[in-house]
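Below is one structure, written out as structure tokens, with a few remarks after it.
Nothing in this text is a laboratory measurement; each read-out follows from the coordinates by a stated rule. Given the structure is predicted, the values throughout are model-derived calculations rather than measurements. Methodologically, a virtual Cβ is constructed for each residue, glycine included, from the backbone with ideal geometry; neighbour enumeration extends over all protein chains shown.
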């Protein structure tokens, strides 16, 4: 879901494969405190899961100017 959302909105993102890269796994555990994917970090805010955080994701991206404000 997250990948599709970012692609549809033409928003670049950095995908980190925590299974293939141990340093990414450690980083995820440091940032999120546990192993849950997807974990999104937008402007320093950590969001665990996508669907339940979609409105917050939209708000953060709108604040950055990466997503048009819906009327």
* Structure fact -> So residue 69 and residue 19, fully extended at 0.36 nm per residue minus their Cα-Cα distance, gain in nm 14.5 nm
* Rank the residues 25, 1 as a footprinting-exposure proxy: fewest other Cβ atoms within 10 Å of their Cβ go first. => 1, 25
* Asked: Relative contact order (percent) for the chain, with alpha-carbon contacts under 8 angstrom and 6 or more residues of separation?
  -> 21
* Asked: In degrees between 0 and 90, to the nearest 10, how far off the longest principal axis of the chain does helix 22-32 point, with axes built from Cα atoms?
  -> 60
* Among [x] 5.0; [y] 5.9; [z] 7.2, the entry derived from the coordinates for mean projected area of the Cα convex hull in nm² -> [x]
* Report, in degrees rounded to the nearest 10, the 0 to 90 angle that the Cα long axis of helix 54-64 makes with the longest principal axis of the chain. => 70
